[in-house]
Each structure stands twice: as C-alpha cells, then as structure tokens.
Amino acid sequence: MGARGLLLLGLLSWALGAAEGSLSPAERKPKRGKIKEEDNVLVLTKSNFDQALNETKYLLVEFYIALSGASQSLAAEFAKAAEQFKTDAVDIRFGKVDVADQKDLKKEFDIQEYPTLKFFIDGDRKNPIDCKGVREASAFVTWVQRRTGSSAVLINSTDQAKAFLDLEDLAVIGFFKTLQDGAAEVFYDSAREVPEVPFGVTASEDTFTTFGVRGDTVVVFQKGKPVHSEASEEGKLDKVELTRLIKTFTMDLVTEYNLETSVKIFDVPVESHLVLFMPKNSDTFKEVYENLSSVAPEFRGKIMFILVDTDETRNGRVIEYFRVTVVEVPAVQILNLTSDARYKMPAEEVTPDHLRTFCRDYLEGKAKQHWSSEEIQDGWDKKPVKVLVGKNFDKVAFNTKNHVFVMFHAPWSHNCQKLFPVWEELGKLYEKRKNVVIAKIDYTANEVRLMNVEKYPFFRLFPAGSTTEVVPYKGEYALGAFAQFLEEQIEARKKNSTKAKQEEKTTRPKEEL
C-alpha cells in the first residue's frame with residue numbers, strides 16, 4: 001500500500017473514532033434483541049427481565065410452574081387479556097416467568113404460590129403490586145385498567161345511575177359529597193381490588209335523593225336493587241372490610257364446593273368458613289339448605305357459608321381433612337383459615353337458631369375448638385406397636401420417661417399398608433427395651449397438633465426428657481434405617497444428659513466450712 005493509501009486509511013480510522021466518540025454510552029451500546037413471545041405474552045428470564053421493565057410502562061407478570069394445574073388453567077385467560085392490551089394499549093404488556101427454570105427471579109420476588117401475579121409500573125423492580133384473586137380475561141383487563149386509570153365510572157345524574165345499574169346484575173355505587181380524599185379514596189382503592197364488579201361514583205344531589213342516601217355511603221346493588229349499604233363513619237371507611245364485604249357478593253350466599261368454585265372460595269378474603277357436609281340427594285337437604293341460606297346474610301363478610309356434597313367422590317379429600325364420618329352427616333363445622341382451627345356445631349339439628357348461636361359463639365370467642373379422636377381401643381398397649389388415638393396421644397408421646405417413635409398413617413394409603421409389617425418388626429425389636437415405645441396413629445381420624453405434615457406415611461420421634469421436642473424422620477423406610485435412627489437419637493441424648501450433669505457439678509459452689 002502506497003503513502004496515499006496509508007493516508008486515506010488513517011483518515012478513515014480517525015473519522016470512525018471521532019464519530020464513535022461523539023455518541024453517548026447508551027447510543028454506542030448494541031441494540032438488544034426482541035423479547036420472545038408466546039400467545040402475546042413476553043417470555044421473561046433473568047437476562048431479559050430488566051429489558052422488559054425498561055421497555056414497558058405497565059407490566060403484569062405471571063410467575064408460574066408449568067406442571068401446576070392452577071397455572072395451566074390460568075394461562076389461557078391471561079393470554080386473552082394480553083392480546084387485548086397488545087392491540088389497544090402500547091404501554092401495557094403481560095409477561096410470564098417459569099420459576100422452575102428461573103430460580104433467581106423466584107427468590108428475588110419471594111414466590112411461594114403458583115401462579116403468583118405482580119404488576120410493575122415505570123420499571124420499578126422493588127415495589128410491584130400483587131394481583132390477587134383475578135382468574136378471568138375480562139377481570140384481568142378491568143384490574144389493569146383500574147390500576148392505570150380511573151377505578152370508578154363517574155355518574156352525574158339519576159338517569160346515568162340507572163343505565164349503569166342495568167349493565168350488570170351486580171354493581172356498586174359510592175355516594176360521596178366530595179369525590180376526592182377521605183372515604184372516596186378508600187372506595188377507589190377497593191374498586192381496584194374487585195375487578196369482577198363494576199364501580200360507579202357520584203356526588204349528584206339528585207341521585208342521592210332518588211336512592212334515599214343522605215351521607216357518604218357505599219351501596220351494593222343486585223339486579224338494580226340495593227341489597228347492602230355501608231355508611232361512612234366520620235368520613236372514614238375501612239378498605240379491608242369494604243373490599244371483603246363486596247367480594248362476598250361475587251359468590252352465592254351458600255357456595256357449593258367443587259373444582260370450579262374452590263379457587264374462588266379461597267380468593268375471597270374471609271378467613272372463617274362455615275361448612276355443611278350433607279348429600280344433596282337427602283330427603284331433608286332442601287330444608288337444611290334453606291335454613292343455611294336464611295342465616296348466611298347476617299354474617300356476610302365475617303363467615304363464608306359453604307356446602308360440601310358428601311355423595312360427590314371428588315370431595316373425598318375435603319371430607320377427610322375435616323374428619324367427617326358418615327354417621328355424623330349432616331355435619332356443620334367452622335374452619336379458621338388463619339389458625340387452621342376447627343369448631344364443630346354442638347347441636348345435631350341444622351336449624352336457623354342453632355346455626356345463628358353457633359356463629360355468634362364463634363365470633364365472640366365462646367366456641368370450643370374441635371379435636372377429632374377415635375375411641376381408645378381395648379388392649380391398645382398390649383402389642384409390640386401401640387395404637388394411639390387423639391385422646392391418648394399427648395399422654396403417651398410426651399411422656400418424659402420414654403422415647404416414643406410414631407408412624408402417622410392413612411388407611412387408604414398403599415405405601416402405609418406396605419410398611420405396616422416393617423413397623424411391626426420394629427415394634428418386636430424394641431418390645432422389651434426399657435423406655436422405648438413404638439407406636440402408630442391413623443392421622444386421618446385423629447387430630448394431633450403437628451407442624452410440617454408430610455405425605456403418608458410420615459414418622460416422628462418424641463424423645464424422652466422433653467414435653468415439646470419433636471424430631472422428624474427423613475431416612476430410608478427400612479427396618480435397619482429406622483433402628484439406626486432411633487439408636488443414634490437415644491445415644492445423643494445420653495451424651496447430652498451426661499454432659500449437663502458434669503457441667504452442673506463443676507459450676508456448683510463449694511460448701512463453706
């Protein structure tokens with residue numbers, strides 16, 4: 001290459017360098033690729049999550065597991081809503097994260113249930129808004145719209161109010177003297193949490209007069225008629241209470257438990273569930289159901305009323321959880337979802353008076369918690385494996401003199417049936433061993449206060465010397481492994497006991513002469 005060629009090459013290099021130097025760091029950065037989509041939903045990973053946040057003003061993300069039935073049922077509705085926003089709103093997008101693959105994102109956002117939905121605004125990664133209880137495409141659309149714009153329709157006249165109420169069977173109108181601040185703001189917040197229901201708001205004096213409303217009040221309408229009103233006290237409303245109350249109107253007064261309603265039942269933020277167990281083909285079903293329906297309105301927002309058809313085979317696990325037997329049906333129990341405590345209605349007849357008294361006693365803290373137990377068998381302690389029930393469990397398991405190794409089983413479990421002979425062998429092995437008890441309990445029929453229950457069978461050691469300690473067994477389900485675990489636990493406690501005695505001797509003050 002000649003001098004002229006070298007000069008041209010040098011000038012070209014200088015020009016390119018100067019041009020690059022004139023660009024900002026962001027402009028020099030290579031363009032990122034387009035994020036992959038499936039059914040109009042962005043497929044998000046650790047590597048592209050920031051990109052999605054930066055490119056989208058409003059981003060609703062589903063954190064899911066592909067094998068989860070709840071995740072699968074939600075996917076189609078989520079995709080429908082995503083398609084509508086992709087067409088109608090450029091700045092609103094939907095995304096999804098498979099947490100089975102994206103464990104870092106699962107940990108960052110503390111995902112415990114599947115699916116979990118979070119809404120990100122203006123790329124804020126630290127403060128997403130939880131989207132709970134939304135299952136249908138139309139509800140997703142409404143939920144997002146209420147988060148990005150007005151959450152209630154402005155009503156300026158009686159005619160507008162009547163037209164609004166004619167649109168849906170269930171609707172809510174907030175009557176407020178002023179539409180800003182105070183109770184009105186709480187109303188708007190509640191509207192954002194209940195996308196299944198249309199919300200309207202009015203300050204029109206004419207509309208107040210037509211519907212007989214005087215002060216700030218929230219009114220629930222069904223088929224155009226007022227069915228419940230919640231007056232603001234001193235210009236204040238409780239958002240949690242108001243949201244809970246309105247949510248209950250999206251359910252039947254008495255909701256039958258089945259595959260379709262199970263998710264909705266737990267989406268409504270009412271922690272107390274009164275459950276009637278009864279076959280729907282029973283001769284007395286109609287009367288009992290009417291009794292239940294007549295009492296339910298009195299406790300709306302405080303106790304949800306649910307029916308479980310005991311003739312429906314798919315309800316077997318629910319019936320088992322509540323430990324309801326055929327002899328007891330019809331049975332009524334209240335379950336507190338927060339404490340997992342159960343309360344059984346003491347009266348056998350399901351009359352309005354009995355139901356009303358039971359509910360009031362529960363809410364006032366007078367009802368006694370129910371613990372299920374079979375009767376103690378004759379000769380329960382005469383065989384190598386002792387047979388425990390709820391009534392004698394604590395007395396045996398927390399006997400401080402004995403190491404008690406317990407098998408928790410279910411009669412229908414094939415795995416339990418296979419292990420019974422092995423457990424019997426373990427019982428024979430320790431039958432004459434002092435201070436060691438091998439036992440079993442049918443956990444489906446007897447209630448025991450345990451944490452971290454596992455699938456059947458599961459095993460726990462209640463070591464001697466303690467009235468509180470419980471040691472889970474995590475080893476192999478084999479005779480040798482069971483025995484080895486038991487010996488190791490006994491030996492460890494012997495050493496601890498000896499060490500404690502020695503320390504006591506060395507620290508004990510000498511007697512003065």
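The values are calculated or read from the model by the stated rules, or taken from the named source; none is laboratory data. All values derive from a computational prediction rather than experimental measurement. Note that we place each Cβ from the backbone using ideal geometry, even for glycine, and neighbour counts take in every protein chain shown. The protein model used for the area step is the full one, side chains on, heavy atoms only, and it has no ligands, DNA or RNA in it. Shrake-Rupley method; radii C 1.70, N 1.55, O 1.52, S 1.80 Å.
Here is a yes/no grid of residues against (1) in contact with a helix residue (DSSP H, G or I) (Cβ under 6 Å, 6 or more places away or on another chain); (2) closer than 30 Å to Ser413 by Cα:
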residue	(1), (2)
Leu292	no, no
Phe299	yes, no
Val329	no, yes
Pro346	no, no
Phe358	no, no
Glu364	no, no
Lys383	no, yes
Ala397	no, yes
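Failed condition for Ala464, given (1) farther than 25 Å from Tyr321 by Cβ; (2) outside the structural domain of Lys495 (by the TED database), with all others met? The number of the failed condition is (2).
For residues that are touching a Lys or Arg at 6+ places or on another chain (Cβ under 8 Å) and open to solvent by less than 20 Å² (accessible area, probe 1.4 Å), scanning just the range 256-289, find the one that is modelled with the lowest pLDDT. So that I can check it myself, show each step before the final result.
Initially, the range 256-289 is screened for residues touching a Lys or Arg at 6+ places or on another chain (Cβ under 8 Å), giving 258-259, 263-264, 267-270, 272.
Cutting the leftovers down to open to solvent by less than 20 Å² (accessible area, probe 1.4 Å) gives us 268, 270, 272.
Numbers: Val268: 87, Val270: 92, Ser272: 95.
Among residues in the range 256-289 that are touching a Lys or Arg at 6+ places or on another chain (Cβ under 8 Å) and open to solvent by less than 20 Å² (accessible area, probe 1.4 Å), the one modelled with the lowest pLDDT is Val268.
Confirm whether Val197 is touching a Leu at 6+ places or on another chain (Cβ under 6 Å) and aliphatic (A, V, I, L, M). It is true that Val197 is touching a Leu at 6+ places or on another chain (Cβ under 6 Å) and aliphatic (A, V, I, L, M).
The single condition among (1) of a type in the set (A, V, I, L, M, F, W, C); (2) under 27 Å from Glu260 (Cα atoms); (3) surrounded by fewer than 18 Cβ atoms within 10 Å (Cβ to Cβ) that Cys131 does not satisfy is (3).
For the range 177-202, how many residues meet the condition of being among the charged types (D, E, K, R) and on the phi > 0 side of the Ramachandran plot?
Kept after step one, since they are among the charged types (D, E, K, R), are these residues of the range 177-202: 177, 181, 185, 189, 192-193, 196.
After this cut, where a residue has to be on the phi > 0 side of the Ramachandran plot as well, the list is 181.
Qualifying residue count, the range 177-202: 1.
Within the range 98-115, residues that are in the same structural domain as Ser68 (by the TED database) and more than 13 Å from Thr45 (Cβ to Cβ) have Cβ atoms under 7 Å from residues that are open to solvent by less than 90 Å² (accessible area, probe 1.4 Å) and of a type in the set (Phe, Trp, Tyr) in these pairs: Phe109/Phe63; Ile111/Phe63; Tyr114/Tyr64; Pro115/Phe63; Pro115/Tyr64, counting only partners at least 6 apart in sequence or on another chain. A single entry from Thr178, Thr209 fulfils the requirement of being open to solvent by 30 Å² or more (accessible area, probe 1.4 Å), more than 21 Å from Pro297 (Cα to Cα), at pLDDT 95 or above and not assigned by the TED database to the domain that holds Arg314: Thr209.
Scanning the range 415-466 for residues that are part of a strand (DSSP E or B) and of a type in the set (Lys, Arg) yields Lys440, Arg460. Restricting the range 233-251 to residues that are in a loop (DSSP other than H, G, I, E, B) and over 21 Å from Pro269 (Cα atoms), the residue that is least open to solvent (accessible area, probe 1.4 Å) is Gly235. Note on the range 162-193: residues that are in contact (Cβ under 8 Å) with a residue 24 or more places away in the chain, farther than 23 Å from Asp267 by Cβ and in a helix (DSSP H, G or I) amount to 8.
In this structure, is Ile111 farther than 25 Å from Leu245 by Cα, open to solvent by 40 Å² or more (accessible area, probe 1.4 Å) and β-branched (Val, Ile, Thr)? So Ile111 fails the test.
Residues of the range 93-105 that are more than 12 Å from Val61 (Cβ to Cβ) and open to solvent by less than 70 Å² (accessible area, probe 1.4 Å): Ala100 alone.
Going through (1) surrounded by 16 or more Cβ atoms within 10 Å (Cβ to Cβ); (2) among the acidic types (Asp, Glu); (3) more than 30 Å from Lys96 (Cα to Cα) one by one, Glu196 falls short only on (3). For the range 357-372, a residue qualifies if it is open to solvent by 80 Å² or more (accessible area, probe 1.4 Å) and aromatic (Phe, Trp, Tyr), and exactly one does: Trp371. Scanning the range 347-389 for residues that are modelled with pLDDT of 90 or more, over 30 Å from Pro297 (Cα atoms) and not β-branched (Val, Ile, Thr) gives Gln377, Asp378, Gly379, Trp380, Asp381, Lys382, Lys383, Pro384, Lys386, Leu388. All of Pro457, Pro411, Pro472 fail the test of being touching a His at 6+ places or on another chain (Cβ under 6 Å), at pLDDT below 95 and not hydroxyl-bearing (Ser, Thr, Tyr), apart from Pro457.
Is it the case, given these coordinates, that Val194 is of a type in the set (A, V, I, L, M), at pLDDT 95 or above and not assigned by the TED database to the domain that holds Lys118? Even if it seems obvious, please write down each step before you answer.
Numbers: of a type in the set (A, V, I, L, M): yes; at pLDDT 95 or above: no; not assigned by the TED database to the domain that holds Lys118: yes.
Spelling it out, it is not the case that Val194 is of a type in the set (A, V, I, L, M), at pLDDT 95 or above and not assigned by the TED database to the domain that holds Lys118.
The residue that is least open to solvent (accessible area, probe 1.4 Å), counting only those in the range 318-341 that are of a type in the set (A, V, I, L, M, F, W, C) and free of Cβ contacts under 8 Å to residues at least 40 places away in the same chain, is Ala341.
Contact annotation: residue pairs with Cβ atoms under 6 Å, 6 or more positions apart or on different chains, pairing a residue in the range 358-386 that is assigned to a loop (DSSP other than H, G, I, E, B) with a partner that is open to solvent by 60 Å² or more (accessible area, probe 1.4 Å) and not hydroxyl-bearing (Ser, Thr, Tyr), are His370/Lys344; Ser373/Lys391; Ile376/Lys391; Pro384/Lys428; Pro384/Glu431. Within the range 348-356, is there a residue that is touching a residue at least 12 places away in the same chain (Cβ under 8 Å) and either hydroxyl-bearing (Ser, Thr, Tyr) or surrounded by fewer than 14 Cβ atoms within 10 Å (Cβ to Cβ) (or both)? Looking for residues that are touching a residue at least 12 places away in the same chain (Cβ under 8 Å) and either hydroxyl-bearing (Ser, Thr, Tyr) or surrounded by fewer than 14 Cβ atoms within 10 Å (Cβ to Cβ) (or both), one finds at least one in the range 348-356, hence yes.
Just need a number here: residues in the range 412-471 that are at positive phi and over 36 Å from the mean Cα position of the chain (by Cα). Working first, answer last.
Going through the range 412-471, the residues at positive phi turn out to be 435, 452, 465.
Add one more test, that the residue is over 36 Å from the mean Cα position of the chain (by Cα), and what stays is 435, 465.
Residues that pass the stated criteria total 2.
Quick one: in the range 212-227, of everything that is open to solvent by 60 Å² or more (accessible area, probe 1.4 Å) and in contact (Cβ under 8 Å) with a residue 24 or more places away in the chain, which residue is nearest to the chain's Cα centre (by Cα)? First the steps, then the outcome.
Step one: of the range 212-227, the residues open to solvent by 60 Å² or more (accessible area, probe 1.4 Å) are 212, 214, 222-223, 225-227.
Cutting the leftovers down to in contact (Cβ under 8 Å) with a residue 24 or more places away in the chain gives us 222-223.
On the way: Gln222: 29, Lys223: 31 Å.
Only one residue fits best here, namely Gln222.
Scanning the range 194-210 for residues being within 20 Å of Asp169 (Cβ to Cβ) and part of a helix (DSSP H, G or I) gives a total of 0. Here Ala203 clears all of (1) of a type in the set (A, V, I, L, M, F, W, C); (2) in contact with a Leu (Cβ under 6 Å, 6 or more places away or on another chain); (3) within 22 Å of Val141 (Cα to Cα); (4) surrounded by fewer than 19 Cβ atoms within 10 Å (Cβ to Cβ) except the condition numbered (3).
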